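The values are calculated or read from the model by the stated rules, or taken from the named source; none is laboratory data. Just so it is clear, the model here is predicted, and its values are computed rather than measured. Neighbour counts are summed over all protein chains in view; Cβ atoms, including those assigned to glycine, are modelled from backbone coordinates with ideal geometry. Only protein heavy atoms, including side chains, enter the accessible area calculation; ligands, DNA and RNA are left aside. Shrake-Rupley method; radii C 1.70, N 1.55, O 1.52, S 1.80 Å.
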Amino acid sequence: MASFVDRVTIFAQGGNGGHGVASVKREKFKPLGGPDGGNGGNGGSVILEVDPQVTTLLTYHRNPHQRAENGTQGMGDFRQGRNGADTILPVPDGTVVKSKRGELLADLTGAGSRFVIAEGGRGGLGNAALASKKRKAPGFALLGEPGEEHNVVLELKSVADVALVGYPSAGKSSLIAAMSAARPKIADYPFTTLVPNLGVVQAGDSRYTVADVPGLIPGASSGKGLGLDFLRHIERCAVIVHILDTATFEVDRDPVSDLRTIEAELAAYEGDLGEIEGYVPLMQRPRVIVLNKIDIPDGRDLVDIVRPDLEVFGWPIFAVSAVTHEGLKELSFALASLVDEHRAKLPQIESARQVLRPRPVGSKDEITVRAVEHAGELVYQIRGTKPERWVLQTDFSNDEAVGYLADRLAGAGVEDQLMKAGAHAGDTVVIGRLDGGVIFDWEPTLTTGPELLGQRGTDLRLDRNERRTTAQRRERYREMMDAKSAAREELWTERSTGVWTDPEDER
């Protein structure tokens, strides 16, 4: 069973907003006290947060579906719905968030750094919040918005100061075990290390972290072996250390050719952190060459042979032994000096780190209207954040709510744009996507005869006072009593004239 996972795809869904409620305040002697419907609660969001205690993405490998809590519905007497709780997902330091298309969304480094994957929907307004001078008693409320849904890719890129690279069995794990308290698995066969190992090295007053990348081989940058899966773990390092095996048993290998091969793989690897300000490409990082296994006699002799060829690269060279610890002290202090130099060049990080977000195309509040051909017919498509959100908030089973939506669209200039696009009364209009949007036949707002039509978005029944006056009730009562008297008089007249007969008398 996997115990270390550094790349997962998760599906995040924000909580839905609670619906607003349409309610009327009712008290003794005051049956119609005005609207008192409360707003719905906001849905919770799915949020990533860096936790220093987390070192792997294994949790989300097993549970890729993450959802936040829904907001609750509003209630009468101005009571608001409860907001849904956020779902906080702890991730390791150095986690990169990307879209399914590979766009870099966030680079999370530093304890407490956060990124919202899927925002919760906003709660709908109750009729109390919708009341105005023109609409004193709304008979509708707005629906809660659904939460966002996104598929994102999480990749862990280890936050280490020094990266050890080299062929399998070059001694990287042994070197980390000798220089730090880390205890990685060590064996005498290739690809013993299947996950990156991290170790903390103390050199005088300096402390830095060291990570090794599981064995690189020719073609690693294109997916051969394990290199492509773990090269991402050296993208943040300050120093790259080439571990060269001086005691290899393969006749076609030597330290110089190994160094050239690994450098070629590093040059071919295309990282995805280049969008971050201040990022230094891998090929521009400081290099250190370490000739390992000099405790073997042939290895020590090989060091003297290949040193002139390695000095051509212009990088510091150290001959060490992870078994006898020879040369490790000098190496650790040299690496500490390079790390301190790198840290001195870093800009001061603010307490609230900024994360990368995809740039929106155009203004988020821009409303567009265009004529398109869909299913063999001309359709006018309306796109924009506001109209698409208004549609989600509308209860189409309520005519008054539909009229309120029409007022909002007209106020935003949608009708003017439809006219400019060539739309006429009765043409098909869709708000949102062509597949799945709201489709209706357009009827332009009428600007004449308001005394006959009434204002759009209002219920004419609310504008008429249908309660009878005292005089009208008395008149109605007199009419009823007169009708009863007339009916009784007619019955007595029929009885006196013998209209009523008994069937027994006819026999």
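Descending by average beta-carbon neighbour count within 10 Å, the peptides 303-314, 487-498 line up as 303-314, 487-498, the highest first.
In terms of accessible area, using a 1.4 Å probe and ignoring ligands and nucleic acids, Phe333, Phe318, Phe115 rank largest first as Phe333, Phe318, Phe115. Using 0.36 nm per residue and subtracting the Cα-Cα separation, the extra length available between Asp407 and Phe11 on full extension is 138.9 nm.
Normalised size of the range 371-434, defined as Cα radius of gyration per 2.2 N^0.38 Å with N residues, equals 1.12. When the Cα convex hull of the range 27-119 is projected onto planes of every orientation, the mean area is 8.8 nm².
Here His233 sits with roughly 10 square angstrom of accessible surface, probe radius 1.4 Å. On the basis of the beta-carbon distance and an R0 of 25 Å, Arg79 and Lys133 show a calculated FRET efficiency of 0.55. Computed on protein heavy atoms with a 1.4 Å probe, the accessible areas place Thr72, Thr428 in the order Thr72, Thr428, largest first.
Stretching the chain fully between Leu32 and Asp295 yields a gain of 85.2 nm (0.36 nm per residue, less the alpha carbon separation). The gain in end-to-end length when the Ser337 to Val200 segment is fully stretched comes to 47.8 nm, 0.36 nm per residue minus the alpha carbon separation. Put Tyr477, Tyr380, Tyr404 in order of accessible area, highest first, and with a 1.4 Å probe you get Tyr477, Tyr404, Tyr380. How far apart, in nanometres, would the label points at Arg62 and Gln284 be if each is projected 7 angstrom from Cα along the Cα-to-Cβ direction? Going by the 7 Å Cα→Cβ label model, 4.3 nm. Rounded to 0.05, the FRET efficiency of the Glu103 and Arg474 pair, given R0 = 56 Å and the Cβ-Cβ distance, is 0.15.
Using a probe of 1.4 Å, the accessible surface attributed to Glu119 totals some 100 Å² when neighbouring protein chains are kept in position. Ligands, DNA and RNA aside, Leu143 has an accessible area near 50 Å² when probed at 1.4 Å. Taking 7 Å steps out from each Cα toward its Cβ at Ala264 and Arg433 produces label points 4.6 nm apart. Across the range 1-152, the mean sequence separation of Cα contacts (distance under 8 Å, 6 or more residues apart), normalised by length, yields a relative contact order of 36 percent.
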